[in-house]
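The values are calculated or read from the model by the stated rules, or taken from the named source; none is laboratory data. Owing to the predicted nature of the structure, the values given are computational and were not obtained by experimental measurement. Neighbour counts are summed over all protein chains in view; Cβ atoms, including those assigned to glycine, are modelled from backbone coordinates with ideal geometry.
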Protein chains: 6
Amino acid sequence: MPRLQPIPYEQASDEVRAVYDDIKATRNVPDVNNFWKYIANDPATLRRTWQSLKEVMAPGEIDPLTKELLYLAVSVTNGCDYCIASHSAAATKAGMTPRMFGELMAIIGMANETNRLATGYAVPVDPAFQK
Amino acid sequence: MPRLQPIPYEQASDEVRAVYDDIKATRNVPDVNNFWKYIANDPATLRRTWQSLKEVMAPGEIDPLTKELLYLAVSVTNGCDYCIASHSAAATKAGMTPRMFGELMAIIGMANETNRLATGYAVPVDPAFQK
Amino acid sequence: MPRLQPIPYEQASDEVRAVYDDIKATRNVPDVNNFWKYIANDPATLRRTWQSLKEVMAPGEIDPLTKELLYLAVSVTNGCDYCIASHSAAATKAGMTPRMFGELMAIIGMANETNRLATGYAVPVDPAFQK
Amino acid sequence: MPRLQPIPYEQASDEVRAVYDDIKATRNVPDVNNFWKYIANDPATLRRTWQSLKEVMAPGEIDPLTKELLYLAVSVTNGCDYCIASHSAAATKAGMTPRMFGELMAIIGMANETNRLATGYAVPVDPAFQK
Amino acid sequence: MPRLQPIPYEQASDEVRAVYDDIKATRNVPDVNNFWKYIANDPATLRRTWQSLKEVMAPGEIDPLTKELLYLAVSVTNGCDYCIASHSAAATKAGMTPRMFGELMAIIGMANETNRLATGYAVPVDPAFQK
Amino acid sequence: MPRLQPIPYEQASDEVRAVYDDIKATRNVPDVNNFWKYIANDPATLRRTWQSLKEVMAPGEIDPLTKELLYLAVSVTNGCDYCIASHSAAATKAGMTPRMFGELMAIIGMANETNRLATGYAVPVDPAFQK
């Protein structure tokens, strides 16, 4: 298997192109970003991932900006550089200000710190939290 | 070193008690939860962690409920069972509904999935994201 | 300590060279890859790691291709870019097709998603799984 | 939000029951396991997760047993106790023998070890792996 | 595959018993702990893991207590509850005091926090660190 | 939000400059490294992180070199490339030799391996470790 190449719109199959078109229309962007062009090497994964993401990130009880901040919090915790770059852009587009970014990073940092403290001290769950 | 025991208010030093009092006053709760009682074995960590957490979780450009959702997103991604229990309770207190919890988990799940896809496909960052 | 440099065959000690020779013979390759040249800075780690890896990755009840797919699944979950690159190459050599790569990534993605859902929902283990 | 309860078949909505029925028919089991009963608190996540999992775990170029081994490799690396228990059972049902389990764990262990060595030694990717 | 059972000394094969004997003699303990009794289900993994661990944890340029503290730092970061329990005991035996434990946890917490900050802010490596 | 830029001393506010000055004085260095220049975009995070780090990394019952080794162990386990680079430099400055680095990496590797074995085999904690 040679190194996978991104699949540009022009070379995409009809199946892939239909997903690209839906991404572009839903997000109102002129082209899809690299993530989609790479996973398009497996059209089933492309389709399923887009359908799921579209459903999950649609406005619900949690607003779109908050959803992007949550996506960033997971991506930073997992150390996914690509995802941090793409979702920082998406969050900015959704209204994240530099001060919000600063607060977000501070929370992510603190949560990672206290997660480890709770684990390292082997803190038992309070009965009140188990009801 | 024997197994660490939680430090109840009655047995706490003045230094520890002062932190407990501030936590109880800030959160309007009758007692602190186990996390604080365990890390109180190291009063410097207790004080520093509380001061930092208090500052980071205070209302800012990101509202308190969203901050708790972000804390949960990190805690789930790190698999910290204690933190999931305690911050689920805190988020609920801050207004999280069952439907919001469902959306939150869905986002955490999707972000973890696409983080791995981006990493596994070795997707290069789009030039547009690097400006 | 200055930045560690890779140790090429020509500059290697007899101890290191013996490991390099065994890697080359076992894998039928003209040279060892960077991983070995860097950890060769600690000959004990080089020897022990190679011996262990050789033993673990030898054909057993699990076939060599499946073993490489499993190695990739761990490497992607850990976000180890070097390991993803080297084990993608190894898996390809062992017979991984592009379609298998696509299926592999899809499984890794789903497993990471449902791992977090199970953790976030704090699902208790079914009694049937504990027998 | 009180502690989430599992949703048994008898109390499930038609939407949830339809998913349960499909899981039971596809897997030929008398009841669904706890994972599904908990995420059923969010019917959209239940439906989407099952549809995705069913598609991803169906026989393809990678056989069902191998797919379960891969799922286990991710679950162990993420430290998801529930997932380890449920997918150990599923892998056993798909044909995993005790010796295969032993080899699987050995590979997971080695991969986690060499992942960290590659990262800690900051090994640069070999040009041969980038083609 | 039924749920794996620990293998006690009395029921162990000669191969497994030889490893148990070496662990007991090296550590001067009357019995091996559960970790060894479970991985003994795969005698090759038992032997290889013990040989490697014995070599790695032997006194070197880093002293035995520090080695145990490092083991704990990794185990807490990975959220391995068993490993935290067993290596807290081992570190205590090697001389860890409650105050050292407190400092250790504080460092682990801070490192996890700043790791995420560096990742989230996408901080580029200083040229001075690359020499 | 455009891509964050590092804040050099000359352009820093008085608040940020005071932190930079304290870092430079405490560490006896002519300039702060990139980590601080990036998080300086959020002066509250800069101040709080430095105060906490200064307190945690000060000489205590654990000596400064060991503290840096511990920081590295966490950073490697988390796969934070920036942190590995910066704390390798800091550890070297504190006295880490190439042989110590080799031993450190070997321990990190082994701990990651046995963490996963303990988790994958679902080893129950020995009663002796729970006292």
D:S86: passes all of (1) in contact (Cβ under 8 Å) with a residue 40 or more places away in the chain; (2) closer than 30 Å to C:P64 by Cβ; (3) not assigned by TED's automatic domain parsing to the domain that holds D:T114 but (3)
Among the numbered criteria (1) more than 20 Å from A:T119 (Cα to Cα); (2) at pLDDT 95 or above; (3) part of a helix (DSSP H, G or I), which one does E:A128 miss? (2)
Of the residues E:Y38, E:Y20, which is under 25 Å from F:P127 (Cβ atoms), at pLDDT 95 or above and crowded, with 23+ Cβ neighbours inside 10 Å? E:Y38
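Quick one: which of C:K54, C:K93, C:K67 is assigned by TED's automatic domain parsing to the domain that holds C:S13 and at pLDDT 95 or above? Break it down stepwise before answering.
On the way: C:K93 fails: assigned by TED's automatic domain parsing to the domain that holds C:S13; C:K67 fails: assigned by TED's automatic domain parsing to the domain that holds C:S13.
Going through C:K54, C:K93, C:K67 in turn, the sole match is C:K54.
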Among residues of segment C:77-106 being surrounded by fewer than 20 Cβ atoms within 10 Å (Cβ to Cβ), touching a Pro at 6+ places or on another chain (Cβ under 9 Å) and not hydrophobic (A, V, I, L, M, F, W, C), the residue nearest to B:L117 (Cα to Cα) is C:P98
If I ask for residues that are facing chain A (nearest Cβ under 7 Å) and assigned to a loop (DSSP other than H, G, I, E, B), which ones from segment B:77-91 would you list? B:C80
Extreme residue, surrounded by the fewest Cβ atoms within 10 Å (Cβ to Cβ), among residues of segment A:43-61 that are at the interface with chain B (Cβ under 7 Å from one of its Cβ atoms) and of a type outside the set (S, T, N, Q): A:E61
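Answer with yes or no whether B:M96 is within 30 Å of D:Y38 (Cα to Cα), within 14 Å of chain D (Cβ to nearest Cβ) and not in a helix (DSSP H, G or I).
Working: within 30 Å of D:Y38 (Cα to Cα): yes; within 14 Å of chain D (Cβ to nearest Cβ): yes; not in a helix (DSSP H, G or I): yes.
The answer is yes for B:M96.
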Pairs under 6 Å by beta carbon, first residue under 15 Å from D:G102 (Cβ atoms) in segment E:1-25, partner surrounded by 15 or more Cβ atoms within 10 Å (Cβ to Cβ) and among the small types (G, A, S), six or more apart or different chains? E:I7/E:A40; E:V16/E:A40
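Return a yes/no flag: does segment C:62-76 have any residue that is in contact with an Asp or Glu (Cβ under 7 Å, 6 or more places away or on another chain), more than 30 Å from E:E55 (Cα to Cα), surrounded by fewer than 22 Cβ atoms within 10 Å (Cβ to Cβ) and aliphatic (A, V, I, L, M).
To start, the set of residues in segment C:62-76 that are in contact with an Asp or Glu (Cβ under 7 Å, 6 or more places away or on another chain) comprises C:62.
Add one more test, that the residue is more than 30 Å from E:E55 (Cα to Cα), and what stays is none.
No, because not a single residue in segment C:62-76 is in contact with an Asp or Glu (Cβ under 7 Å, 6 or more places away or on another chain), more than 30 Å from E:E55 (Cα to Cα), surrounded by fewer than 22 Cβ atoms within 10 Å (Cβ to Cβ) and aliphatic (A, V, I, L, M).
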Criterion (within 14 Å of chain F (Cβ to nearest Cβ), more than 30 Å from C:P98 (Cβ to Cβ) and touching a helix residue (DSSP H, G or I) at 6+ places or on another chain (Cβ under 6 Å)) met by exactly one of A:L65, A:L104, A:L70: A:L104
